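Structure first, then comments.
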Amino acid sequence: MPIEHAQISVLDRGFIFGDGVYEVIPVYSRHAFRLQEHLERLQHSLDGVRIPNPYTNNAWISILQELIKRNSPDDQSLYIHITRGIAQRDLAFPDSSVSPTVFLMSCPLTSPSQELLKIGAHAITAIDNRWLRCDIKSISLLPNVLLRQLAADADRTETLLFREDTFLTEGTASNIFMVKNDVLLAPPKDHLMLPGITYDVVLELARSQNIPYQIRRIRKDEVFSADELLMCSSTKEVIPITKLDNQTIGNGFPGPVVNKLRLLYQSYKNETMRSSEC
Ligand SMILES: Cc1ncc(COP(=O)(O)O)c(C=O)c1O
């Protein structure tokens, strides 16, 4: 239905408590990218907050295919939003007769501008003051909203987050990698960051091209002395970061490893998603 006709109850626990989880899935040439992995992460998020999955994977696949079919253009961003449902306002879970609310929408997928890719994104840093289950893709995004607004206020693209002001976790809506002496460094997928689907693709591409990489805690001082930095997510894909707070990263231009990963990502995407057989 048209978005302006969609309605939810004011007693929905998503509206009242932010009690729910979500997913964002990119669609290229009408094919959902890494759908199985997105559905697995959705299950992980639902399990993490104890909301029953309203559909089987096969049911999800046919619903999403229908959503893609009924929308345009060919490249879309699918949004899945599941809350614990509608109940009288009480923090404890409602009884099991309450079923989850499901909201889906499709938006046109817009790739990052050529200008941004040429210059690189400028970012700021902030203390990561979110909760300790950042592996759950929760709709309670107030900390991310406030942290991202710090970047918007400074006319920057993203805020890089550091736990205890000491080690890198991720961005407000992206995962972060750095490059030092030709080695790609990535923070570990644990409870302090969202296990990004794009993060996994970047590591797979690095592995397949023999780009050396390490997964480990990365200190803030290491990030500032990085040769190259990148941010990645399903909708932004791979974007170089060339300025952090008031410091330039490397020589201030997108570097060779990040540019290579970005192009590899584009070829992988085009080969797997835009071929006529898929
Ligand atoms: C906090 C956070 N980290 C990382 C990501 C990147 O995840 P993905 O690559 O699955 O889009 C996102 C995506 O929106 C996010 O919100």
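Rule-based calculations on the coordinates, nothing more; no lab input. Computed from a predicted structure; not experimentally measured. No Cβ is skipped: glycine too gets one built from the backbone with ideal geometry, and neighbour counts run over all protein chains shown.
A cut-off of 5 Å between modelled amide H atoms, ignoring neighbours fewer than 5 places along the same chain, links LYS243 with ALA123, ILE249. Taking a point 7 Å out from the Cα of ASN71 in the direction of its Cβ, the residues of the range 3-19 whose backbone N falls within less than 19 Å of it are 3-8. Residue-wise HN-Hα couplings along the range 169-176, as the Karplus relation 6.51 cos²θ - 1.76 cosθ + 1.60 with θ = phi - 60° gives them from phi, are 10, 6, x, 5, 8, 7, 9, 10 Hz; Gly and Pro carry x. Take each peptide in 160-167, 129-136, count the other Cβ atoms within 10 Å of every residue, and average; sorted highest first, the result is 160-167, 129-136.
If you sort the three axes of the alpha carbon gyration tensor as a ≥ b ≥ c, you get a/c of 1.5 or more for the range 45-98 and a/b above b/c, which makes it prolate.
Residues whose amide H comes within less than 5 Å of that of GLU228, counting only those at least five positions distant or on another chain, are VAL179 (H built at 1.01 Å from N in the peptide plane).
Taking packing as the residue-averaged number of other Cβ atoms within 10 angstrom, the listed peptides 148-157, 82-91 run from highest to lowest as 82-91, 148-157.
Compute the acute angle (0 to 90°) between the alpha-carbon long axis of helix 256-273 and the principal axis of greatest extent of the alpha-carbon atoms of the chain; round to the nearest 10°. Roughly 40 degrees, rounded to the nearest 10. A straight Cα-to-Cα reach below 16 Å connects LYS220 with the lysines LYS180, LYS243, residues fewer than 8 places away in its own chain not being considered. Amide H contacts under 5 Å for SER9: none, restricted to partners 5 or more places along the chain or on a different chain, H placed in the peptide plane at 1.01 Å from N. The relative contact order of the range 109-215 comes to 25 percent, based on Cα pairs under 8 Å that sit 6 or more residues apart.
Among the trypsin sites (Lys or Arg not before Pro) in the range 1-79, those placed in a DSSP loop whose Cβ has at most 10 other Cβ atoms within 10 Å are ARG50. The 3J(HN,Hα) values that the Karplus relation (6.51, -1.76, 1.60; θ = phi - 60°) gives for the range 217-228 are, in residue order, 4, 10, 6, 4, 5, 5, 4, 5, 9, 5, 6, 8 Hz. Gly and Pro appear as x. Label point of MET105 set 7 angstrom out along Cα-Cβ; within the range 231-271, amide nitrogens under 18 Å from it belong to 235-236.
The HN-Hα couplings worked out from phi for the range 32-46 by the Karplus form 6.51 cos²θ - 1.76 cosθ + 1.60 (θ = phi - 60°) are 6, 7, 6, 4, 4, 5, 5, 5, 5, 5, 4, 4, 4, 5, 4 Hz, whole numbers, x standing for Gly and Pro.
A straight line joining the Cα centroids of the range 136-152 and the range 257-271 runs 28 Å.
Using a ≥ b ≥ c from the Cα gyration tensor of the range 3-108 (square roots of the eigenvalues), is it rounded, prolate or oblate, where a/c under 1.5 gives rounded and otherwise the larger of a/b and b/c decides, a/b for prolate? Prolate is the answer for the range 3-108, as a/c is 1.5 or above and a/b outweighs b/c. Between the range 68-94 and the range 187-216, how many Å separate their Cα centres? With the range 68-94 and the range 187-216 each reduced to a Cα centre, they are spaced 28 Å. Here's the picture: a label point sits 7 Å out from the Cα of LEU132 along the beta-carbon direction, and within the range 191-233 the residues with their amide nitrogen under 15 Å of it are 191-193. With the simple spin-label model, which puts each label point 7 Å out from Cα in the Cβ direction, the THR272 to SER97 separation comes to 4.5 nm.
For the range 114-273, rounded, prolate or oblate, judged on the Cα gyration tensor with a ≥ b ≥ c (square roots of eigenvalues), a/c < 1.5 rounded, else prolate if a/b > b/c? Rounded, because the longest to shortest axis ratio a/c is under 1.5.
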